[in-house]
Amino acid sequence: MAELLKTPRGTRDLLPADTRIWQKVEATFRKVFRAYGYAEIRTPIFESTELFARGIGEGTDVGKEMYSFLDRKGRSLTLRPEGTAGVVRAYTEHSLGSGENGEAKLYYIGPMFRYERPQAGRYRQFWQAGVEAIGFADPLADAEVVAMLVQALRESGLKGLTVDINSVGCPDCRPAYLELLKAHLTLHASELSAESQLRLSVNPMRILDSKDEKDQAAVDAAPKTTNHLCSACSAHFASVLRHLERAKVDYQVNKKLVRGLDYYTRTAFEVLSGELGAQNAVAGGGRYDKLVGELGGTDRPSVGFGVGVDRLIQLLATSPEHGDSESCDIAVIALGGASYGLAFALAQELRGQGVGVWMDLSRKRGMKNQMKTASALSARYAVILGEDELAKGIASVKDMKSSEQTALPLEALATALMEKLK
Ligand code: HAM
C-alpha cells in the first residue's frame, strides 16, 4: 500500500467539527470591525522578502522565523508572517488614504506563517484577525483600537482576559534609553540565560520580555522605558490610559512588555489569558508611527493589532455553548426505490428557497436509521415518503418536537412545508 501522507509539521486541518466555531468567531470579528468603521482588505499570502525584512526587521523574533523561498526566476519571496507590512504596502500602492492625514481603517482575517518550533498554541500556519488604523496620530485612536479588540474578544465569548499595555518610546527617546538598558544588562550578562546573552547585542529590549527564570533578577532591576520617555511620548501614553478609563477598559501597565517586531513606537499592548500556558498572548498590537515612511510611503502615524485566532478558539472551545453541531430544518425520509426521486425533487425545491434539508443518498437506510439522523441534526420536521404514503398521494409530516404526525398531499408539499416553517 502507498504510504499515507500527513499535514506538514506545525500545520493542521480544521475539520468540520472545528469550523463552526471558526465561522462564528470570524463573523463576530467582522461585525465588530465594521461597527468601528473598518473595511476588509485581502493582501497576498506571499510578498517580496524585502517587504518583511524592511518592515519587521530581520533581527527580530518574527524576522528570524520567516518562510522565505526563491521562485523560478530567483526572486526571494516570503509567506507573510504577519499582516501589518502587507497592509501598509497595499495602502501606499493603492493610495488608500483619505483626507489630509491619509486616513484608512482596514481589517483582515487570514493565515500567517512562521517557522517556529511547534508547541501547544504555536503553529507554523496560524490565523490572525487584525486591524490597521493608518493616518491617526491622536491617543484616541490607540484607545479606540484597544477598546475594539476587547469588545471583539468578549463578544466572541472570551472570559478572563487581561490587557497589558506599555509605551516603548520613539526614535527621539529610545536610543538613549537603549544605551542605559544595554549598559545595565551587560553588567549582568553572566547571570543571563543563553538566549538573552545572544539578544544582548541584537535586540536587548526583547530581554525585558523574557520568561526565563534566570533573567528575572536582571530584568527586574533594569531601567524601564516608561521612566525614560520624552515629554511627547509621556503625554501620549498618559492620554491613552485616560481614554481607556473613559471607555471602561481595564488594563495594567506592564513595564516589561516589549513586542517581537521592530516597528512599534509609543503604545504597545497584549491581551493575555492565564489559561493558555506558555504561549499566553491571545492578541498583540501597538502604534507604528514610522512604518509607512520606512516602506516608501508618506509618514503616517498608525496603530493596530492582530488576534491569534487559533489561540482564541482554543480558549473558547472548552466552553459548552460552542459545542453545537450541524443542523437542518427538514429531513426528507425516503423509503423504497420510487420515493428517492420524489424526495430529491422536494429537497431541491426547498433548498432553492433557503431551507436546510437532509436526505439519505445511500438508498440503503431504513426508517429508524434515517429518523436517528433527523434527530441528530435537530430537524424541525421529518417528511416521510414511504410506499403507503405514495400510494395515497400523501406525505407523513412529523413534528420532531411534539412527535405529532399529520398527512399532507404531495401536491404543493413544498409550499405547505414552507408555511409550517414560518
Ligand atoms: P504578533 O504579536 O506577532 O503581532 O501576533 C499577534 C498574535 O498572533 C499573537 O498574540 C498570537 O496570539 C498570534 N500568534 C503569533 N504567532 C503565532 C503562532 N506561531 N501560532 C499561533 N498563533 C500565533 C503581529 O503580528 C502584529 N502584526 C500585530 C499588529 C497589527 N500590530 C499592529 N498592527
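The values are calculated or read from the model by the stated rules, or taken from the named source; none is laboratory data. What you see is a predicted model; the values in this text were computed from it and never measured. Note that we place each Cβ from the backbone using ideal geometry, even for glycine, and neighbour counts take in every protein chain shown. We work out accessible area using only protein heavy atoms, side chains counted, and drop any ligands, DNA or RNA first. Shrake-Rupley method; radii C 1.70, N 1.55, O 1.52, S 1.80 Å.
Which helices (runs of 4 or more DSSP H) sit wholly inside the stretch 195-313 and have at least 3 residues that are open to solvent by 60 Å² or more (accessible area, probe 1.4 Å) and either within 11 Å of the ligand (Cβ to nearest atom) or not β-branched (Val, Ile, Thr) (or both)?
216-221, 231-246
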Taking the stretch 8-38 and keeping only residues that are open to solvent by 60 Å² or more (accessible area, probe 1.4 Å) and over 22 Å from residue 157 (Cβ atoms), one is left with 8, 9, 13
Yes/no for residue 333 being within 25 Å of residue 16 (Cβ to Cβ) and either in a strand (DSSP E or B) or at pLDDT below 95 (or both): yes
Condition first: at pLDDT 95 or above and open to solvent by 10 Å² or more (accessible area, probe 1.4 Å). Now tell me which residues in the stretch 314-330 satisfy that. 329
Tell me whether the stretch 39-50 contains one or more residues that are part of a helix (DSSP H, G or I), loosely packed, with under 14 Cβ neighbours inside 10 Å and aliphatic (A, V, I, L, M). no
Among strands (runs of 3 or more DSSP E) lying entirely in the stretch 65-172, which contain 1 or more residues that are within 15 Å of the ligand (Cβ to nearest atom), under 14 Å from the mean Cα position of the chain (by Cα) and modelled with pLDDT of 95 or more? 104-113, 125-134
Quick check on the stretch 165-180. Is at least one of its residues open to solvent by 10 Å² or more (accessible area, probe 1.4 Å) and hydroxyl-bearing (Ser, Thr, Tyr)? no
